[in-house]
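Data first, discussion second: the structure below is written as structure tokens.
Please treat every number below as a calculation from the coordinates, not as lab data. In this text, all values refer to a predicted model and were calculated from it rather than measured experimentally. Methodologically, a virtual Cβ is constructed for each residue, glycine included, from the backbone with ideal geometry; neighbour enumeration extends over all protein chains shown.
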Amino acid sequence: MPDAAMAEAARARQGVLTKPPGSLGVLEDAAVMLAGLQRTPQPTLDRVWISVFAGDHGVAAEGVSAFPQAVTGEMVRNFATGGAAICVLARGLGATLEVVQLGTVNDPGELPGVRRVLIAPSTANFCEQPAMTAAQLEAALQAGADSVARAVAAGAQAFVGGEMGIANTTAATALACALLGEAPAMLSGAGTGLDAAGIARKQTVVRRALDRHAGIADPAECLRCLGGFEIAALTGAYIAAAQQELPVIVDGFIATSAALAAVRINPGVRDWLLFSHCSHERGHRRLLDALDARPLLDLGMRLGEGSGAAACVPLLRLACALHNGMATFEQAGVSTA
Ligand SMILES: Cc1cc2ncn([C@H]3O[C@H](COP(=O)(O)O)[C@@H](O)[C@H]3O)c2cc1C
Ligand SMILES: O=C(O)c1cccnc1
């Protein structure tokens, strides 16, 4: 549990800083929440840890992405050479970035800065069989937990999880539909840029997957049957982060589907999640609502990789700076209401 007394003290401080109470809106809420999570009256976000998990998806064979499957492995190389969006964002934030390759059909081999935790070249096509075996799910969850352990050892103050995996918006959609009992039409979106016909095909694919794995109530089993290596790694990371009291900044649609699985597996995880942004991906708002989440940003982003969470960090840093640095009415000799 976060420190409720610390959060309450932080809320009280917000009320006596030289501004109308509540006038900094969500920035106040964010500082208060971080005070409770970090168990300190002066929350800070100097040390941010970013783990990007990469894995391929068997369901890519159904033609559900605008891009070919080879892109997952090609992007792993791009992460290593620093050219991906998340690399630029991490550099801009002074954040630590690690890439965890869980399995790609197109294997770029050993690369500097890329941790190889190879589970399989790809998940299975979940229209036909469970995406993962029990052992593969376990390995993916553990890979996420291991990243959190490294983040904690490095003294990180927040954890950002990113993902790379062509067709993973289809996996995230199927997983979310199963967890929420929602119809595929409600959550299926364009992903990397499908046209209307592509989205219709994606809906059919998700419908087939839900029919193939109907009647599963257990959230971990939903994750095994319909998720992906990188999605399960995010779920494992979020659970481990909550257990180790490391605040999490959740990224977009795919990350939120992993967060929903994590919260369904262990409801206590919810308290440790800050939601960064509402992605342009169709089903994201519905997922956020299911988690009773109010994201800070809505920038029309739809990239993944942890990019939306990273974009939120400067704002959270400013929220902390305001909380820690503003004068009180008493200190500044300003009249109260
Ligand atoms: C070059 C490139 C870089 C990316 N970085 C993240 N994604 C994002 O797009 C993919 C999901 O969309 P879909 O389900 O439509 O395949 C994931 O890899 C996600 O992280 C990328 C996609 C591409 C093409
Ligand atoms: O919201 C996301 O995370 C997202 C949306 C589209 C494609 N990739 C990621």
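Results, tabulated for the structure shown:
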item	result
FRET efficiency estimate (nearest 0.05) - Cβ-Cβ, R150 to D218, R0 30 angstrom	0.55
Within the chain: Cβ-based charge dipole about Cα centre, in debye rounded to nearest 20 (Lys, Arg +1; Asp, Glu -1)	340
Choice from A70, A233, A176 showing the highest fluctuation, given a GNM over the chain with Cα pairs closer than 10 Å	A70
About the Cα centre, charge dipole magnitude for region 1-120 (Lys/Arg +1, Asp/Glu -1 at Cβ), debye	420
CD proxy at 222 nm, helix term only [per DSSP H run n ≥ 4: -39500 (n - 2.57); per residue of the chain; nearest 500]	-15500 deg cm²/dmol
Degrees separating the helix 70-81 axis from the principal Cα axis of the chain, which is the longest one	40
Projected-area average for region 199-337 over all orientations - Cα convex hull basis, square nanometres	11.2
Among V26, V248, V148: highest mean-square fluctuation, GNM of the chain, C-alpha pairs under 10 Å	V26
About the Cα centre, charge dipole magnitude for region 182-286 (Lys/Arg +1, Asp/Glu -1 at Cβ), debye	400
Choice from T18, T133, T170 showing the highest fluctuation, given a GNM over the chain with Cα pairs closer than 10 Å	T18
On Cα atoms only, tilt of 26-38 relative to the major axis of the chain in degrees	80
Exposure proxy ranking, count of Cβ atoms within 10 Å, fewest first, for K19, K202	K19, K202
